[in-house]
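The values are calculated or read from the model by the stated rules, or taken from the named source; none is laboratory data. This structure is a prediction, so every number in the text was calculated from the model and none was measured. Cβ placement follows ideal geometry from the backbone for every residue including glycine, while neighbour counts extend to all protein chains displayed.
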Amino acid sequence: MVLVTSNKARRLLFINYIGRVRPGDLTRQQPDIEALMAELPPDFRVLVDFSELEDMDLDCMPELGRTMELIDRSGVGLIVRVIPDPTKDIGLNIFSIFHLPHHPPIATCKNMMEASVVLGL
């Protein structure tokens, strides 16, 4: 499952990956991400929470790449990832090289408290 929401006042897009994520989950969330980003000013921030991710199919990688490219084109100013277990990192640093050509700053945190400090919340 993928949950997406935003906070306009804080210029923040929040994406939460939960449980077993399949390609259809990513495809279904794409319109939500597009609509929410359209409401955010340039230099918005993205908080991506992988804390509850159990498994992501390898077939998700093309769609995940498209999502990263969309976020990059939309003018993201900062990406903060919450990955408490380094063994669950799905290769995002390598993926970022290819799908975030504007190279926004990226911070990887162990928990949401650490992420909130990075975001200044």
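Points worth noting:
- Strands (runs of 3 or more DSSP E) (entirely within the stretch 1-62) containing at least 3 residues that are surrounded by 19 or more Cβ atoms within 10 Å (Cβ to Cβ) and among the aliphatic types (A, V, I, L, M): 12-21, 45-56
- Scanning the stretch 10-21 for residues that are under 17 Å from Ala35 (Cα atoms) and either of a type in the set (Ser, Thr, Tyr) or at pLDDT below 95 (or both) yields a total of 0.
- Qualifying residue in the stretch 23-36 (condition: in contact with a strand residue (DSSP E or B) (Cβ under 6 Å, 6 or more places away or on another chain), within 26 Å of Val117 (Cα to Cα), in contact (Cβ under 8 Å) with a residue 60 or more places away in the chain and not polar (S, T, N, Q)): no
- Of all residues in the stretch 69-88, those that are on the phi > 0 side of the Ramachandran plot have Cβ atoms under 8 Å from Cβ atoms of residues that are acidic (Asp, Glu), 6 or more apart or on another chain, in Gly75/Asp43.
- Meets criteria (touching a residue at least 60 places away in the same chain (Cβ under 8 Å) and under 20 Å from His102 (Cβ atoms)) for Leu47: yes
- Hits in the stretch 79-121 - residues which are surrounded by 15 or more Cβ atoms within 10 Å (Cβ to Cβ), part of a helix (DSSP H, G or I), modelled with pLDDT under 95 and touching a strand residue (DSSP E or B) at 6+ places or on another chain (Cβ under 7 Å): Leu92, Ser96
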